[in-house]
Amino acid sequence: MIGQIFEGLCFAAATSLLIALGGLLFSLVVGGWPAIHKFGLGFLTVSTWNPVTDVYGAAGPIVGTLVTAGLALLIALPIAGGVAFFLTELCPAPLRRPIGTAVELLAGIPSIVYGMWGLFVFAPLFSRFVQLPLMSAAKPGSLLETLTSGVPNGSGILSAAIILAIMILPFMAATLRELLLTVPAAVRESAYGLGATTAEVVMSVTLPYVRTGAIGAVMLGLGRALGETMAVTFIIGNSHGFPKSLFDSGSTIASTIANEFTEASTSMHTAALIALGLVLFVITFIVLGLARLMLRTQGVK
């Protein structure tokens, strides 16, 4: 009897989660349908966003979301992996706990703090020591000039990506560290006993052992970068057009919704913002689907 009750409660919990997910998707489709119906596929391919004329295109925020999240992952993943491997393989024993605790504390800092720090501290330094020197060194017509064109005010696509990388780095490093600590000491010591170097142990033993969890940690970090709102809003510049360079202003789906939802004066404006939420939902779903596909191609069910 108790077993049946327990099974029923577990089933109810699982189904309630699916019902909530389905209800969320249904609400987004219904709320964003007026914009989807009016603009059709152009909503995804046009960058025009004009509340005055009620013409909306989500291409700019979509590109900004994908570019900033992708750059943030490229910056954060190698560093997070290095931190995790250092703490588990190379760090002196007296320093492991303090450094590990510091990483975990960094992972818990609210995103708005990162945004304010990015706007008032990082942006002026980035403008002075990175943007201005690179723009001055770029030759006319060169690839560097194309990548660094814009206003050197410290904000833009690359600045937002760096702030996102700083945000997701402690989270990914802490998660990867906990995963590496699950590798049995006997497995690691056996590899060392066979004459393997630290690099060989990491690449051939510990990393394959935690492969599934590591991919999950990376996808969780990417998911946080895709949906981050306040930190990006402070530093990205909030321009709805296509970013023309790494230093150019842009926007993301989350920052656009945060900036304009309370100020939406027409039903079409509100519908367009809800449709943006639906697009972000689909992008996140696709990312998770790709993660599952990666695991399946590696033989993990």
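What residue, of 71, 105, 95, is open to solvent by 40 Å² or more (accessible area, probe 1.4 Å), within 21 Å of residue 223 (Cβ to Cβ) and part of a helix (DSSP H, G or I)?
Exactly one of 71, 105, 95 is open to solvent by 40 Å² or more (accessible area, probe 1.4 Å), within 21 Å of residue 223 (Cβ to Cβ) and part of a helix (DSSP H, G or I), namely 71.
Going through the stretch 176-218 one residue at a time, which ones are within 16 Å of residue 107 (Cβ to Cβ), open to solvent by less than 50 Å² (accessible area, probe 1.4 Å) and of a type in the set (D, E, K, R)?
Hit for the stretch 176-218 is 177, nothing else.
Of everything in the stretch 52-68, what is within 25 Å of the chain's Cα centre (by Cα) and open to solvent by 10 Å² or more (accessible area, probe 1.4 Å)? Give them in sequence order.
Those that are within 25 Å of the chain's Cα centre (by Cα) and open to solvent by 10 Å² or more (accessible area, probe 1.4 Å): 62, 63, 66, 67.
Restricting to the stretch 116-141, give me the number of residues that are aliphatic (A, V, I, L, M), under 21 Å from residue 238 (Cα atoms) and touching a residue at least 40 places away in the same chain (Cβ under 8 Å).
The number of residues fulfilling the criteria is 3.
For (1) open to solvent by less than 50 Å² (accessible area, probe 1.4 Å); (2) in contact with a helix residue (DSSP H, G or I) (Cβ under 7 Å, 6 or more places away or on another chain), each residue gets a yes or a no:
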{"position": "247", "(1), (2)": "yes, yes"}
{"position": "252", "(1), (2)": "yes, yes"}
{"position": "272", "(1), (2)": "yes, yes"}
{"position": "277", "(1), (2)": "yes, yes"}
{"position": "285", "(1), (2)": "no, no"}
{"position": "289", "(1), (2)": "yes, no"}
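Within the stretch 25-47, track down each residue that is open to solvent by less than 70 Å² (accessible area, probe 1.4 Å) and outside any helix (DSSP H, G or I).
40, 46, 47
Just a yes or no: is a residue in the stretch 152-159 more than 24 Å from residue 254 (Cβ to Cβ) and either open to solvent by 30 Å² or more (accessible area, probe 1.4 Å) or touching a Ser or Thr at 6+ places or on another chain (Cβ under 8 Å) (or both)?
Yes, that holds for at least one residue.
Going by the conditions given, is residue 237 in contact (Cβ under 8 Å) with a residue 60 or more places away in the chain and at positive phi?
It is true that residue 237 is in contact (Cβ under 8 Å) with a residue 60 or more places away in the chain and at positive phi.
Consider residue 255 against the criteria (1) touching a strand residue (DSSP E or B) at 6+ places or on another chain (Cβ under 6 Å); (2) modelled with pLDDT of 90 or more: it satisfies all of them except one. Which criterion is unmet?
Status for residue 255: all satisfied but (1).
Just to be sure, is residue 76 modelled with pLDDT of 85 or more, of a type in the set (Gly, Ala, Ser), open to solvent by less than 30 Å² (accessible area, probe 1.4 Å) and at negative phi?
Yes; evaluated as a whole, the condition is true for this residue.
List the helices (runs of 4 or more DSSP H) inside the stretch 205-301, counting only whole elements, that have at least 3 residues being farther than 20 Å from residue 173 by Cβ.
Once the helices (runs of 4 or more DSSP H) in the stretch 205-301 are filtered for at least 3 residues that are farther than 20 Å from residue 173 by Cβ, what remains is 230-235, 253-260, 267-297.
Pairs, please: C-beta under 8 Å, at least 6 apart or cross-chain, first residue surrounded by 10 or more Cβ atoms within 10 Å (Cβ to Cβ) and in the stretch 1-24, second of a type outside the set (Lys, Arg) and part of a helix (DSSP H, G or I)?
24/281
If residue 173 satisfies every condition in (1) open to solvent by less than 30 Å² (accessible area, probe 1.4 Å); (2) not in a helix (DSSP H, G or I) but one, which is the exception?
Exception for residue 173: condition (2).
The values are calculated or read from the model by the stated rules, or taken from the named source; none is laboratory data. Just so it is clear, the model here is predicted, and its values are computed rather than measured. Ideal geometry is used to build each Cβ from the backbone, glycine not excepted, and the neighbour counts take in all protein chains shown. These area figures cover heavy atoms from the full protein model, side chains too; ligands, DNA and RNA do not enter into them. Shrake-Rupley method; radii C 1.70, N 1.55, O 1.52, S 1.80 Å.
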